[in-house]
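Report on the following structure.
The values are calculated or read from the model by the stated rules, or taken from the named source; none is laboratory data. Owing to the predicted nature of the structure, the values given are computational and were not obtained by experimental measurement. Cβ coordinates were reconstructed from backbone atoms using ideal geometry, including for glycine residues, and neighbour counts include every protein chain displayed.
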Amino acid sequence: MGRKFLVLRRLVLFSATAVALATASLHKVAWAGPFEDGLIALGAGNYEMALSLLTPLANNGHANAQLYLGVLNEAGVAVPRDFGQAVRWYRSAADQGLADAQTSLGNMYDNGWGVTLDDAAAVYWYRLAAEQGDANGQTSLGAMYMGGEGVQQDFGQALRWFQLSAEQGFALAQLNIGILYLTGDGVPKDAAKAVSWFRKAANQGLPQAQANLGWMYQFGEGVPEDAAQAVNWYELAAKQGDVVSQFYLGAMYAEGIGVEQDYLMAYVWLRISGAQGNEQAQGLAADARSFLTSSALERAEEVASEYWRLYVVPFNI
């Protein structure tokens, strides 16, 4: 089974973890204002209060409030998803020099969300953020150089920006450096170094890195072949919504590789991967289903429904 390794750009700012960290940092100060109270409300899921606190600040030019309103509009959290509004808020904050907003605005141009897709504009905004030391922006700019999007392809520049970001511990940059070593683009091909970089990112919980590390263990690339380790990393990624890992994990259950053969669990993982459009998973799910009794299939569907709620829905906001 082959695997395509994808270069990742921006880490989405809005997540339960991001809000929790922002909120936790506020408890370290002895004071709070409307903005801090807005983040606390956001972290607590009190969206109506968060909006009532952040919106007046944003309208009065508060760059960080503008950034958060952009994030909420982009994600469709607390308000209906509106990419145009997200762009408006990101631009207001980016024009004030806020690096996070510059990266986010670059991402909108990169994807054509709320604006006409424009790689050159994406590069412009990513570079402004990157030159301020923003790790997200540095990784995004490196990805543009790696793909030759909006700039001439230059693996040396890609590596430079990824390294600056990785030095700050940014998991996506670590993942992308690993991909460069795996493919031999801009650096001597070195599977062991690829594994090292994938592990750094995987240990931070990045599911794509965990998936890649699982693949390296499964096929003995840069590490001794170890199917049990592969299963371990695939499972960690699968439970964070990684569709490819869900497929590989299901396949390993079906074949009894690295784990005891279990057609019920094989069907569960393949079922949810296939339901997200993975055609290989759909085919293998049908094969696994043929080994299940009617009662086992009923149980498998129940588990698949629960796993969908736990390991798909939260990662598809």
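Restricting to the stretch 134-155, give me the number of residues that are more than 15 Å from Leu172 (Cα to Cα) and assigned to a loop (DSSP other than H, G, I, E, B).
7
Could you list, in sequence order, all residues of the stretch 276-292 that are crowded, with 18+ Cβ neighbours inside 10 Å and under 24 Å from the mean Cα position of the chain (by Cα)?
Asn278, Ala281
Residues that are closer than 24 Å to Val123 by Cβ and either under 21 Å from the mean Cα position of the chain (by Cα) or of a type outside the set (Lys, Arg) (or both), at least 2 per element: which helices (runs of 4 or more DSSP H) completely within the stretch 26-110 meet that?
63-75, 83-94
Of the residues Gly184, Gly178, which is modelled with pLDDT of 95 or more and either in contact with a strand residue (DSSP E or B) (Cβ under 9 Å, 6 or more places away or on another chain) or buried (at least 17 other Cβ atoms within 10 Å of the Cβ) (or both)?
Of the residues listed, the single one that is modelled with pLDDT of 95 or more and either in contact with a strand residue (DSSP E or B) (Cβ under 9 Å, 6 or more places away or on another chain) or buried (at least 17 other Cβ atoms within 10 Å of the Cβ) (or both) is Gly178.
How many residues are of a type in the set (D, E, K, R) and within 23 Å of Gly114 (Cβ to Cβ) when one looks only at the stretch 30-77?
The qualifying residues number 1.
Would you check if Tyr253 is in contact with a Gly (Cβ under 9 Å, 6 or more places away or on another chain) and surrounded by 13 or more Cβ atoms within 10 Å (Cβ to Cβ)?
no
Give Leu297, Leu249 a once-over and let me know the one that is closer than 22 Å to Gln208 by Cβ, free of Cβ contacts under 8 Å to residues at least 60 places away in the same chain and of a type in the set (A, V, I, L, M).
Step by step, each of Leu297, Leu249 is checked, and only Leu249 is closer than 22 Å to Gln208 by Cβ, free of Cβ contacts under 8 Å to residues at least 60 places away in the same chain and of a type in the set (A, V, I, L, M).
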